[in-house]
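The values are calculated or read from the model by the stated rules, or taken from the named source; none is laboratory data. Every value quoted in this text rests on a predicted model; they were computed, and no experiment measured them. We place every Cβ from the backbone using ideal geometry, glycine too, and count neighbours over all the protein chains shown. Accessible surface areas use protein heavy atoms only, side chains included; no ligands, DNA or RNA. Shrake-Rupley method; radii C 1.70, N 1.55, O 1.52, S 1.80 Å.
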Amino acid sequence: MNTITRVVAALVGAAVGLGLAVVAALPAGAAAADGYYKQPFDPTVWRVDGGVARAMSYDEWAAAGFPQPAPSPTDYVKYAWSPTVYAVTFWGDPESTWDWDRLTEPQWRASGSPVPRTAGWIAGSYYYQWGTANEIFVQGPDGVKHKLTYDEWAASRFRPFERRGNEGFQKLSWAPNVLRMTNLAAGQGYSIGYGEWSAESFPTPQVVRRIVNDRFYKYGSAPAIYYEGPAFTRAITYQEWVAAGSPTPEVRTPPNPGNSVDCSDFAYQRDAQAWFNLYYPYYGDIAQLDGDHDGIACESLP
């Protein structure tokens, strides 16, 4: 954690302890009158005329006679869930006239290390909702994502959000994996770890038995059942199969094993027979386990 993060976190903690309000609105009387201004963290001179601000070039400032700029009507804000401090300069009354700057630590210190207010809204924030839950999220200009409470959304003045209806998060009811679904309709997605889920601000996954286009299958006569989907591809237990609804598995052709075993690889005849029975219908006695061609493999084994 860098210095600005530590100091700001302490200052904001103190401000919250004092019960300071969450704000998104223009402070009373903050808009700039016509004239010349300078923000404390930037050398640019601004000319305000009728609530509209324009950055001046050096030549324009010189042609005006180098008027002494007044301190700009700048406030300092941050989201409660992010360490980033923003300077917002209120040139006029409409939000469209405000100037927003994401401050570096030197800029924050040049401004006098101000205690930032907790903002309900910061320009450049993106509000959205996944297709798998009713939760609303915001991503700040610094990329930090946060799941909003109702009060936090109200503090933003109920900013409109994008409904990302074909994306979201799911979880199989019978497996622990959380899935980031990039295309719900097509069943496309991938299993995510705790770190990625945390970075997304822990969206509540939709719990389902099946994912669109997932598969249950087995190889030939072998008893093992496999699951194939965005969560994983692996053999599953009987209990998992039942919890998934006991779907009828597809029967797939097992891959050709080649002459990869002999009778010494098996402890019992029944194991050699199971191997033989799995591959024989597709590839014949490819490992030559049935020397007398009577359909019984490795007859010398116990």
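Summary value for the stretch 24-109: 26 percent relative contact order, contacts being C-alpha pairs under 8 angstrom separated by 6+ residues. Within the accessible area of the stretch 101-180, the carbon and sulfur atoms contribute 51%, probe 1.4 Å, all protein chains present. Amide H to amide H, with H built 1.01 Å from N, T132 comes under 5 Å of F169, counting only residues 5 or more places away or on other chains. Accessible surface comparison of I225, I122, probe 1.4 Å, protein chains only, largest first: the order is I225, I122.
Dipole of the stretch 241-292 computed with +1 at Lys/Arg Cβ and -1 at Asp/Glu Cβ about the Cα centre; of C263, Q288, A243, farthest Cα towards the positive end is A243. Averaging the sequence gap over all C-alpha pairs within less than 8 Å and six or more residues apart, then dividing by the number of residues, gives the chain a relative contact order of 10 percent.
At a probe radius of 1.4 angstrom, the accessible area of the chain per residue rounds to 52 square angstrom. Helical content of the chain, expressed as a calculated mean residue ellipticity at 222 nm, amounts to -5500 deg cm²/dmol (DSSP H runs of 4 or more residues, -39,500 (n - 2.57) each, divided by residue number, nearest 500).
For the chain, the longest principal axis of the Cα atoms and the long axis of helix 3-17 meet at an angle of about 80 degrees.
Phi angles of the stretch 174-183 translate, via the Karplus equation with coefficients 6.51, -1.76, 1.60 and θ = phi - 60°, into HN-Hα couplings of 10, 9, x, 5, 9, 10, 8, 8, 8, 8 Hz per residue; Gly and Pro are given as x. The phi torsions of the stretch 96-108, fed into the Karplus equation with coefficients 6.51, -1.76 and 1.60 and a -60° offset, translate into couplings of 5, 8, 6, 10, 10, 9, 7, 8, 7, 4, x, 5, 5 Hz, rounded to whole numbers, with Gly and Pro shown as x. Considering only protein heavy atoms and a 1.4 Å probe, what is the carbon-and-sulfur percentage of the accessible area of the stretch 196-302? Result for the stretch 196-302: 52 percent of the exposed heavy-atom area is carbon or sulfur. Where (1) 32.6, 110; (2) 17.9, 55; (3) 18.7, 57 are the candidate values, the label of the one calculated here for Rg and Dmax of the Cα atoms in Å is (1).
Ranking W197, P176, Y128 by how far each Cα lies toward the positive end of the dipole of the chain (charges on Cβ) leaves Y128 at the top.
About the centre of its Cα atoms, the chain shows a dipole size close to 1000 debye [charges on the beta carbon of Lys, Arg (+1) and Asp, Glu (-1) only; nearest 20 debye].
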